[in-house]
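For reference, the structure discussed in these notes is given below.
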Amino acid sequence: MKNSWRIRIYLLTLISLFVGTSEFVLVGVLDKVADDVGVTVAVAGQLITIFAFANAIGTPLVILATSKLDQRKQLILALVFTVLGSLMTVLLPGFTLLMFSRIVLALGMGIFIVTASSFATKIAPPGHQASALATVAMGFSASLVLGVPIGRFISASYDWKIIFWAIALIGLVAIFAIVKLIPVTKGEVPVPIKKQLSILKNPKITALFLVTFFVFVGYGVFYTYVTPFLNIISPMSNTALSLTLLGFGLATLIGSRLGGSMSDRLGSNSTLFIGMTINLLALILLATIAGPYTITILLLLIWGTAAWTSGPTLQYSLVQLAPKASVIILSLSSSFLQLGMATGSGIGGIATSNLEIQSINWIGATAILIGIIILAISLKLPLFNNIHSDRTSTNN
């Protein structure tokens, strides 16, 4: 079939949505989880932090250990972790064991996203790689569309654990779909961790990893506590909050897709600067003029769209710098992303316990500003002089 590669990418995108939900769903039900296990919201927020740390550290190690497997088997392994972690979440009692289940889920999600992203770049024809990668990332970000608001809606009337029963069931169906529809694709030659880290000797790659880290520090510090932020700044009913989170999720979905399309047309550097600048301004405005419902929602939608243009764009830029080591690059990129999320959510927990809620916006904005500065320095060019030139360099 002429467009069979599209069908396979859409399948991986759909599955990415569900494995991504295993991470993001807690954001919408953080207060419910805290009440259920008898901890504060700030402590419950560390469930998101431990997920991100486990994903960042464990994913490259598991990818290395399983690199001799073909990519279809790696995808199946990832889904086995997801099913197992979901069952542990609903069956094991107490906060400590809940933390352990988050580690298992983190490994499942990390392995799946990295492998699916690498697979997408391999089967997409020339000129479509960025869009293919962005499509898979769109599934990951779409988990915000379903996971967070639906999690909030369900938790208002039912037990939040029902969500993880659903993820486990869907994971089993996804394993069957992978076996039937995804062909065997050779993995890359196993590369020792030391050699993987040698990629950091390339200053452009290191700079993009640092940009990834700071972008997602800025994202994680605000996003993890977006529900408490909305409850304090613009108090609303559970239904209104669910709809707001749904709108935010749709914005991130649009942003992810938009990032890939802009990278194909304008070039990745221009896309990054535009998205990060709007991201920075939206965070500042949320801290200063948010309050009225309409303004808060509008700014939240703008922020979600801008924030998610950066994810696929950064990944594509990194793959272009080292196309023969796409799995290593994407694995390390995922690690820096998750380390940024973990750092941001950890700092956010401290800030929300000791400062006004708007402090998370200022911390996030500062992190984004640092990312912009690093990107500008790495290019050794004036900030906005690369609009026409970086498309050529990207295509090369």
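First compute the accessible area of the chain with a 1.4 Å probe, then give the percent of it belonging to carbon and sulfur atoms. Answer for the chain: carbon and sulfur cover 71 percent of the accessible area.
With 21 Å as the limit, write out which pairs from 68/201; 122/380; 73/122; 32/161; 68/204; 122/204 have Cα-Cα distances beyond it, or answer none. Beyond 21 Å: 68/201; 122/380; 68/204; 122/204. Which residue, chosen from 292, 366, 226, occupies the Cα position most advanced towards the positive end of the dipole of the chain, where the dipole is computed from +1 (Lys, Arg) and -1 (Asp, Glu) charges on Cβ about the Cα centre? Towards the positive end, the residue furthest out is 366. Converting phi to 3J(HN,Hα) with the Karplus coefficients 6.51, -1.76 and 1.60 and the offset θ = phi - 60°, region 67-79 yields 5, 6, 6, 6, 5, 5, 5, 5, 5, 5, 4, 4, 6 Hz in sequence order, with x at every glycine or proline. Largest accessible area first, the listed residues 138, 276 line up as 138, 276 when surface is computed with a 1.4 Å probe on the assembled protein chains.
Rolling a 1.4 Å sphere over the protein heavy atoms, what is the accessible area per residue of the chain, to the nearest Å²?
Using a 1.4 Å probe on heavy atoms only, each residue of the chain averages 40 Å².
The phi torsions of region 338-354, fed into the Karplus equation with coefficients 6.51, -1.76 and 1.60 and a -60° offset, translate into couplings of 5, 4, x, 4, 5, 5, x, 5, x, 5, x, x, 5, 5, 5, 7, 10 Hz, rounded to whole numbers, with Gly and Pro shown as x.
If I take every Cα pair under 8 Å that is 6 or more residues apart in the chain, average their sequence separation and divide by the length, what percent do I get for the relative contact order?
Details: 677 pairs, mean separation 102.8, N = 396.
Contact order relative to length: 26 percent.
Region 27-117 has equivalent-ellipsoid semi-axes of 27, 12, 10 Å, by the square roots of 5 times the alpha carbon gyration tensor eigenvalues, sorted largest first.
Dipole size of the chain about its Cα centre, with +1 on Lys/Arg Cβ and -1 on Asp/Glu Cβ: approximately 1400 debye, rounded to the nearest 20. Given the options 170, 120, 237, identify the residue whose Cα lies farthest towards the positive end of the charge dipole of the chain (+1 on Cβ of Lys, Arg; -1 on Cβ of Asp, Glu). The one lying farthest along the dipole's positive direction is 120.
As a rough guide to protection, the peptides 61-70, 111-120, 255-264 ranked by mean Cβ packing within 10 Å, highest first, stand as 111-120, 255-264, 61-70.
Given the alternatives (1) 19.6, 58; (2) 20.7, 66; (3) 22.1, 71, Rg and Dmax of the Cα atoms in Å as computed for this entry is given by (1).
A simple rule links phi to the HN-Hα coupling: the Karplus curve 6.51 cos²θ - 1.76 cosθ + 1.60 with θ = phi - 60°, which for region 275-284 gives x, 5, 5, 5, 3, 4, 5, 5, 5, 5 Hz, with x for Gly and Pro.
The values are calculated or read from the model by the stated rules, or taken from the named source; none is laboratory data. Since the structure is predicted, the reported quantities are computational estimates derived from the model, not experimental observations. As a convention, Cβ positions derive from the backbone with ideal geometry for all residues, glycine included, and neighbour counts pool all protein chains shown. Heavy atoms of the whole protein, side chains included, go into the accessibility calculation; ligands, DNA and RNA do not. Shrake-Rupley method; radii C 1.70, N 1.55, O 1.52, S 1.80 Å.
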